Each structure stands twice: as structure tokens, then as C-alpha cells.
Amino acid sequence: MNESKKNIRTNSDAAIPYDIPVEGSLGLLALGATGIKEWRKVRNAHNKRKLEEEKND
Amino acid sequence: MHIINENWKKRRMTESGESKKRKVLLIGWDAADWKVINPLIEAGEMPALESLINEGVMGNLATLEPSFSPMLWTSIATGKRAHKHGILGFIEPDSSGLKVRPVSVVSRKVKAIWNILMQEGMRVHNVGWWPSHPAEPLNGISISNAYQKAQRPLGQPWKLARGTVHPPKMSRHFSSLRLHPGELTPAHILPFVPNASKVDQDKDKRLTIIAKMLAETATINSAGTWILENEEWDFMGMYFDGIDHFCHGFMNYHPPKMKNVAVEKFEIYQEVVKGAYKFHDMMLDRQLKLAGPDATVILVSDHGFHSDHLRPSFLSDEPAAPAQQHRSYGVICMRGPGIRKDERIYGATLLDIAPTILSLFGLPVGDDMDGRPLVQAFEGNTEIKRIESWEKVEGDCGMHPADRLEDPYDASEEVARLVELGYIEEPGKDDKKNVEKAVFESRYNLGRAYMGAKMFSEAKSIFEELAKKASDESRIVLRLASCKFELREFDSCLELIKDFGKWLTNDLAEHKEKKPKEIDRELIDDEELRKLEEEQRKDKLRLLNTRKDLMSLDLIRANVFLKKNQASSAMQIFRKMLAVYPRSKQLNLNLGRTHINLKNWEEAMRAFETALSVDPDDSSAYHGVAVCQLRQGNYYEAIDAALESIALMYHSPFGHYHLGEAFYYIEEYVRAAEAFEVCLAINPSIGKARNWLVEIYEDKLGNPEKAQFHQDYFQEKKLTEMVSSDQKMNGEEYANSKHVDLRDPVVVVSGLPRSGTSMMMQMLGEGGVDLFTDQERKADESNPMGYLEHEAAKRLARDARWVKNAKNKAVKIIANLLFYLPASNNYKVIFMLRHIDEVINSQQQMLIRNNKKGAKNYPTDLVESYRRTLEKARNWAKGRHYVDILYVNYRDVIEDPRKEASRVVEFLGRDIQVESMMAAVDKKLYRTKN
């Protein structure tokens, strides 16, 4: 499964890297708006790539 | 604008002129319960909550009756009970009055904490509170409880209902932050259901339900975290209904396995509840980080949720029955600047949250709020300011205008969810009936809220009104009977119980006769089979509920007997019921109280211990143990049990009262005084605690000022402030108002000499009352039936130690000595009245008969002196809670002995023979007439 890493900011910590798997995770949902947005970006990019691959095939 | 606003602004500025900000994040986890949380924390599976606890305070949060979440969360937000705030259930008629809709924030009649804070110049946000639709026009962002619900499948338009987001221009943005259940993948579901692959999803829809609950929870978190990251805030409220929903759906699969749950289902779904808690902890971690270390974070739940052997095996058939799975204690944790660290707090109720937040901001608490600030959680001394009411403070507070017209919105999904959770019945097609039903339920809930506030008279009126419409509904009749009981309308209560019990018994008999239909599974199709099975299940449930209702009626009946001092009749009922339900907690508690009433300490202990073996968290059972230990002289054990009881239910004044008594007996007078003071802080009407304090401050701690303060309380007739109903706990009663039962009273027959006191003593003796007399003074011509006195009574002014030996006996004490009766006992005084001229003449006759000096002169000075004595006696009785007095006219007794004897019997509340009493009245002895 494709996966991405992204630095996600919190108020008290420095930005720390989070794994962003295409299928998502509870951890990303728990991160709230940022986690959902970043997951959607990775998921949409993955879906787009797949679609293009299918087209090319 | 109120002056507070200006003061607040000044207070917030530091010397350098910079704003010193207090920030409060209030997080609501519906139904969160320590019983589930504690093992998870011990296993290291809720690290965020663990850090919150370690950095602050934690404790139980007592819920309110009825434990319906929209009512409770509104009480949390307002600090007021439901009869004040106006939210009365799950659904309500819409503004046209023609249809029903989910309960809306427009029905809230008072300001929530965020409205008050906004009015005081703070920037406030609120996400998802229940109820909060339509979103209030706050100065920050306001997102209503209609936000997270997905009405259509993924891919179809998912519109936000109008009024969901304020300001409306932010609607598009927040719409995009929602998470649709259809987006979720196995990565999200498997942590809840590791064996999800075993689920036959054609027949079992539970995985879809989990996805829905998870998406809704994550959606609230999404909006909340966005605000915390991107907006300025002084106050932020976030409400999550996820734990409650997961628990209602899956608590029956939570370990240990319940008998009636199939093994394969248990194995599939046993991790769901744990998963829900763990996910909430992950979200909390993020929220805490975004809030930052300078914010005060308060996490609360509105009630708990039974997770162990106390999970009900069946629910009653009344609306909102799933609330029977709720436990009486929710959770509270608080951390932040000025909050104590790693400590436990006691006695918090959900009414205390709004007053606590006001105090954290240095704002006054409304006198019309029902809660109080949790000062025990604060470091140092915090000055608590008061204000009559925040409702009178003018200014923009972000509430909807009173005449706001509703935006029509499709609430069908929300209603469907409430039906799914079992909180409401499926609305029928008849809108009119639905509206009538919604109004009926809200009246019923209001009645229950009144009962929770101990406003039994108001509650009774409502249940009477409802009983006219639904005389066959047990829930209404039982509560009406309870109100009558609390209001001491015993005869009417018994009559109601008798009639309804007869009706229920007939119903039960009909059920027993009705044989279940034989089902030939070969001959009917699946749908028909399902219907028949459902019918049989309902029949069985009804039978169980009818039995339960009969038991509840018997419990009330037995308690009426206890109140009427007929403990043996009560005991008979309990024994009969215990034969059927030996492990019933309620029954054992009642049995224990009855044994206390009969002074059977050991048997009482056994009953309370049985109750504790069923529910080790029952505060009243611990309190019962404390009373038993105390009365047996085991003071240290009594202290332990009383402390256990207080830890579970801080607000019960009698836990503190008995703790005070136990400390007194081990000569820990400072602690005893503290305990009695707390008792009075909770309920100022418990005069007996005040008596203890008078004695402790005066005799033991050398603090006459404080003793005088409590003494003055009576003298200044503050009794008028006292509650009208008597207080009862575990069989020991304390009267607050006149003409009520006093526990173990000394029956005092008093009056001026020759006013008929000996005759009254004679009557009581004939009626069966034990007389406290030494027969030292023999009968003579003046009193041929005997004086029935005790020499000790004549020495009362010098020595009152003997008085406790006269408990439950009758003793004669002349009016002039009444004032020396010690406050540590209760007294039922029968005060004989006779015309003063007759009294003096009779005394003169007596002196003549005894050849005494002064017999020849009429003592004119005595007339005024006697008048003063009578007045003084009357005032003495009026100002003391431990004295109940009945005035009996001597001439009335002579003229109508039956009537007067009956009055005495009623006053004493004992089983005394009126006929026998009458026999003691000898009209011939009425020799001196005016």
C-alpha cells in the first residue's frame, strides 16, 4: 500500500512527521481537520494515479 | 450593561497592560465511566487521559434525574435543573405545533456558560453540544448538533442543514471538514472489530453502525480541532456522543460475557466499547496539545454506563428505556493553571460545572444556579463572587431572540437515530398524535425533574394530570405514589397503591393463564415467524415488567408502614419479597433501614453488606453500615464506612452527620465540627447537626461566638427557610418542620401545675405508653389517681443526664422547667392548657387540703407570672426543631375524651388504644370550674 509522510503541527510540540497510509488510520482521524485533509490528499492522489494507470493500460 | 463587564476587563489586564488570558476547554464525553476507563488506564491504553488526571484533579460527577442526555448537557452548560432551563427530552413539537422535531436550543430558556462569557467580552466557540441546533449567533464559531449526521450514501449530495453553522459564511468550509461513514476503510474498523471478516454483513448491519458512529465522532473532532488551530479562543465547548452510542450498541458484548449473549457475537464485538474509549483518548491527546499547557481543560460526562454485572438483562417497556443502562456517576477531570495536581475531588455534580467555569474566570456565580463552584479543585483560596442572576444582565450574549422563527430542516435522519438508539419510539404517521405524545413525555420528564429537585408538590400535580390520561401506565402511577409518600399523604398513597396493585395483579393473572402459541416452524414463512417471536418476546417482557412494578408498589407500601411506625408490617413485606429476590439491592437497602428502625444492628449490617456485595459502589449501603457501627459503639469502623459513603456521594448530608457523631465519640472534636458544618452547608435545615455544633463549640472547643451563631439560627426563626419535608436516611429521621415524626422522642407531659398533667399521664399509661415515673409521690385527695411523677424531673435545672433514659417514655415536667431539656434528644410535648383562674383556684384548693401557708390569699401576681411562663414555653417550642408540641385543653378532654385522645394518638404516631385512654378520664375530678 502506498504511504506518505507529512509533518503535522501541534501547538505545544514542534511539527512531527506522521505516516499517512492511503487507507487512512484512526490516528489520522484523531488528529482532526489536519489529519483528515492530509489523508484525503494522499488518497485522492493515489486514486488519480490508479485511474491514470488504468487508462494507460 | 452590567458593571461586571467593566470589572472583568480590568481584572484581565496585567500591570504591564497586557491581557492575561484564562482559557477554558470544556470537553463532553457522553456516558464515559471510570469503571471502563480505569482498567484501560492501568493497561496504558488511555495515555492522554492519564496525563490529564496526573496533572490535575479527577472524581465522580453525579448525574440528575431523569438521566436523559439533552436535559443533562443543558444542565451542565447552565448550572440549572431542567425545570429552570426548559429542555425536557429528546423531541418536541416544532414551532408550528403540528409536527415533532428533535429538541432544539430555542427551547432553552436560560443562558449557557458560553452566552455569559460572551457577554463578558470573551471569544467563545461551541461544537456539537446537545441540543445546540440551530447554531447560536456566538462571537466565535458555533456548530450545531445537526452537523455530523450523514443523511445519504457517499457520493450523493450531503448538504448541511440550514442553521448548522454560525457564522453562515463558514458553512462551506465546515461542510468540507466532515467525514462520511462511506469514506472509512478496514483500517478504521478493524481496531474495533478485529474479527470483522466473520460478520455476515447481509444479515448483521453492526459494522455499518460502527462506521456511522466513528465518522460522526471524527467529524466533531475535525471541526473542533480546526477551531483550536485557527481561531482565537477564551472558551471552547466540544461535545462527543460517541461513547454513549457505542455503549448502547455494544455494551452487552463487553467482557465479562453476559448470559444472554451468544458466544460468537461476543467474540466478534467484545472490543468495540474499549475501541471507542481508546479512540476518544487519541482525540483527547490532539485536543490537549492544541489547547496548550496554559489552557484549563475540563473533561466531563453526563452519566456513567453499567459495564459489569449491573448491566440490566432486560429493559422496561417505557419510552427512553435505554437510559436504564446509565449509571448514576459520570466522570470529571480538570487540569490547568490554579488547579490542584494529582488529587481526587468529591461530591461534584453536573450542576457544578458552569459555576466552576465562572469562578475560574473570576466571574460571579448566579444565585439562581443550582450548582456551586468546585473550590476543592482550586489551589489556594478562591474568592467566590455571587450575583442574583445572570439572566438579568443585559447585553449581546449570542442567544437566539425569543421570537426567532425556525428554519425548516429535514430532521428525519436525526429522529431515525434517536429511534435506533431506543430513546424514542418510532413516530407514527399521525402528526397530531406524535405531537401529543411529545408533549406528554416532556410533562413526564418535567415531573421527574421536579422529583430530582425534591419539589414533590409540583411533581405530584404533573403526575396527577398525566394519570388522568394514562391511568394504566405504571411509570406514572408509581411516581405519583412516590410523591404522595414524600408529601406524607400516606392514606391516599396506600389507596392508590392498593387500586393499582389490584389492576396489575389481574393483568399478571391473565398473562399466566395465556399459554404461548405453539409455533409450527415448518408451516410459516420467515417474516411470520419473526413477528410471532417478537410478539412472544414482548409478552415475556411485559410479564417481567409487571412483576417489577408490583415489587415497586410493595416497596412504597412498606415504606409507608415504616413512616407510620409500623416496622413489623414493613418487615413482613420485605421478607416476602426477599424470598423471591434475595439479591435485590433495593430490597436489602430497605430491609437494612427497617432493621435500623428496630435497632437490630447486626441484621441491618447483614442487609447492607448484601447490598454492597451486589453493588460495591452504593453510597447509601456504606452509610447504613456507618450508622450500624456507630450505634454499636464501633466508632472507627463507623468513620471508615461514612468516609466511603461520602467519597461516593459527597452531597448526602447524613454521611457527614454520622461522620461528625463518630468523630465526636472518639473525642476528635475539630473534625466532628468540620463534618457537622459540611452537613449544614449541604442542608442547613438539619437542626440536630446544629445542636451538636452548639455543644462542641461551647463545651469542647471554647468558641462561644460560633456556638451563639448556631443558637441564633433557631432564635431568629430561620426555620422558615427550612425544607418542609422531613429528612430521612437509612431509617434515622430528623424532623425539620412541626408536627412530624421525631426519632425516639421523650414524650413530655407539661403545663402549669393543676392543669391536667396527671390526668394526661394517666391516659397515656392506660393507652400503653411506658411512663417514666418513680411513684415517689403518692396519690392523695388532690390527685386520687396518682401524680405519676419522677423525682429526677424536678431536678432538671441542675441535672439533665437522666433525660436520655426517658426516650420513648412519657415523663411529666412542669412548664417552668421545659427550657432545661437538653437539645441532644427529641421531644414530643403534650402541653395541657387550662384557664388560669381555674389553675390557681385548683392550686388554692390543694393548698387548703394540705394545710399550707398562703392558702387563704388569692395570688394575683401569679396570674401574670403564669401568663409569662405559658408564652415562654410556647416560644421555646417554636424555636426548636427537636421539639414537637400539641396543646390540649383540659376542659376539652373532660367534655370529649374520645376526640382529644384521638388527637394525642395521632400526634404521637403510635399504636395506642383510644378506648383505654378514655377510661382514665374521670369527669368527677373536674371540681374547680371557672
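The values are calculated or read from the model by the stated rules, or taken from the named source; none is laboratory data. What you are looking at is a predicted structure, and each value in this text was computed from that prediction instead of being measured. Cβ coordinates were reconstructed from backbone atoms using ideal geometry, including for glycine residues, and neighbour counts include every protein chain displayed. Remember, those area values only see protein heavy atoms, side chains included, never the ligands or the DNA or RNA. Shrake-Rupley method; radii C 1.70, N 1.55, O 1.52, S 1.80 Å.
Condition first: touching a strand residue (DSSP E or B) at 6+ places or on another chain (Cβ under 9 Å), open to solvent by 10 Å² or more (accessible area, probe 1.4 Å) and not in a helix (DSSP H, G or I). Can you find one or more residues in region B:100-108 that meet it? Among the residues of region B:100-108, at least one is touching a strand residue (DSSP E or B) at 6+ places or on another chain (Cβ under 9 Å), open to solvent by 10 Å² or more (accessible area, probe 1.4 Å) and not in a helix (DSSP H, G or I), which makes the answer yes. Against the list (1) at pLDDT 80 or above; (2) among the aliphatic types (A, V, I, L, M); (3) in contact with a Phe, Trp or Tyr (Cβ under 7 Å, 6 or more places away or on another chain), the condition B:Leu742 fails is (1).
Quick one: would you say B:Thr225 is over 19 Å from B:Val36 (Cβ atoms), buried (at least 20 other Cβ atoms within 10 Å of the Cβ) and touching a Gly at 6+ places or on another chain (Cβ under 7 Å)? Taking the combined requirement at face value, the residue satisfies it.
Test B:Pro153 against the criterion of being closer than 17 Å to B:Thr219 by Cβ and open to solvent by 30 Å² or more (accessible area, probe 1.4 Å), and give yes or no. Yes. Selection over region B:665-715 of residues that are among the basic types (Lys, Arg) and touching a His at 6+ places or on another chain (Cβ under 6 Å) gives a count of 1. A count restricted to region B:662-672 and to residues that are part of a helix (DSSP H, G or I) and surrounded by fewer than 23 Cβ atoms within 10 Å (Cβ to Cβ) stands at 5. Checked against (1) buried (at least 24 other Cβ atoms within 10 Å of the Cβ); (2) out of contact with any helix residue (DSSP H, G or I) (no Cβ under 9 Å at 6 or more places or on another chain), B:Lys259 meets all criteria but (1).
For every residue, the table says whether it meets (1) at pLDDT 95 or above; (2) open to solvent by 30 Å² or more (accessible area, probe 1.4 Å); (3) not in a helix (DSSP H, G or I).
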| position | (1), (2), (3) |
| --- | --- |
| B:Ala459 | yes, no, no |
| B:Ala481 | yes, no, no |
| B:Lys498 | no, yes, no |
| B:Trp503 | no, yes, no |
| B:Lys512 | no, yes, no |
| B:Arg521 | no, yes, yes |
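Note on region B:438-487: residues that are of a type in the set (S, T, N, Q) and touching a His at 6+ places or on another chain (Cβ under 9 Å) total 0. B:Ala626 passes every criterion in (1) touching a Phe, Trp or Tyr at 6+ places or on another chain (Cβ under 7 Å); (2) among the small types (Gly, Ala, Ser); (3) more than 23 Å from B:Pro312 (Cβ to Cβ); (4) surrounded by 19 or more Cβ atoms within 10 Å (Cβ to Cβ) apart from (1). Here B:Ser685 meets each of (1) in a helix (DSSP H, G or I); (2) surrounded by 22 or more Cβ atoms within 10 Å (Cβ to Cβ) with one exception, condition (1). Considering region B:111-131, the residues that are open to solvent by 10 Å² or more (accessible area, probe 1.4 Å) and in a loop (DSSP other than H, G, I, E, B) include one that is farthest from B:Trp226 (Cα to Cα), namely B:Lys111. Without any contact (Cβ under 8 Å) to a residue 60 or more places away in the chain and on the phi < 0 side of the Ramachandran plot: is that true of B:Arg335 in this structure? Against the criterion (without any contact (Cβ under 8 Å) to a residue 60 or more places away in the chain and on the phi < 0 side of the Ramachandran plot), B:Arg335 does not qualify. Of the residues making up region B:60-79, none is over 27 Å from B:Tyr450 (Cα atoms) and open to solvent by 30 Å² or more (accessible area, probe 1.4 Å).
The set of residues from region B:114-171 being basic (Lys, Arg) and more than 24 Å from B:Pro102 (Cα to Cα) comprises B:Arg123, B:Lys169. Starting from residues that are farther than 17 Å from B:Tyr329 by Cβ and of a type in the set (Ser, Thr, Tyr), keep the ones in region B:591-623 and report whichever is most open to solvent (accessible area, probe 1.4 Å). Filtering first and then ranking leaves B:Ser613.
When B:Tyr346 is tested against (1) more than 14 Å from every other protein chain (Cβ to nearest Cβ); (2) open to solvent by less than 30 Å² (accessible area, probe 1.4 Å); (3) outside any loop (DSSP other than H, G, I, E, B); (4) closer than 23 Å to B:Val375 by Cα, exactly one condition is not met: (2). Among (1) more than 30 Å from B:Ile353 (Cα to Cα); (2) part of a helix (DSSP H, G or I), which single condition is B:Asp281 missing? Status for B:Asp281: all satisfied but (1). In region B:264-295, the qualifying residues are those that are facing another protein chain (nearest Cβ under 8 Å) and open to solvent by 50 Å² or more (accessible area, probe 1.4 Å), and the one that is farthest from B:Leu207 (Cα to Cα) is B:Pro293. Criterion first (surrounded by fewer than 24 Cβ atoms within 10 Å (Cβ to Cβ) and assigned to a loop (DSSP other than H, G, I, E, B)) does B:Ser95 satisfy it? In short, yes. Checking the structure you have, find out if any residue of region B:227-234 is touching a residue at least 12 places away in the same chain (Cβ under 8 Å) and more than 14 Å from chain A (Cβ to nearest Cβ). Yes, some residue in region B:227-234 is touching a residue at least 12 places away in the same chain (Cβ under 8 Å) and more than 14 Å from chain A (Cβ to nearest Cβ). Scanning region B:294-327 for residues being of a type in the set (Gly, Ala, Ser), in a loop (DSSP other than H, G, I, E, B) and at pLDDT 90 or above gives a total of 2.
Of all residues in region B:28-51, those satisfying the criterion of being of a type outside the set (Gly, Ala, Ser), open to solvent by less than 60 Å² (accessible area, probe 1.4 Å) and farther than 30 Å from B:Ser132 by Cα are B:Leu40, B:Ile41. Restricting attention to region B:140-150, the residues that are in contact with a Pro (Cβ under 9 Å, 6 or more places away or on another chain) and either of a type in the set (Ser, Thr, Tyr) or open to solvent by 30 Å² or more (accessible area, probe 1.4 Å) (or both) add up to 2. Of all residues in region B:167-217, those satisfying the criterion of being within 21 Å of B:Asp281 (Cα to Cα), open to solvent by 50 Å² or more (accessible area, probe 1.4 Å) and either at the interface with chain A (Cβ under 10 Å from one of its Cβ atoms) or among the aromatic types (Phe, Trp, Tyr) (or both) are B:Pro186, B:Leu190, B:Pro191. Filtering region B:898-917 to residues that are free of Cβ contacts under 8 Å to residues at least 60 places away in the same chain and either within 15 Å of B:Thr757 (Cα to Cα) or not in a helix (DSSP H, G or I) (or both) leaves only B:Glu900.
The set of residues in region A:1-55 that are of a type in the set (S, T, N, Q), modelled with pLDDT under 85 and farther than 17 Å from B:Trp226 by Cα comprises A:Asn2, A:Ser4.
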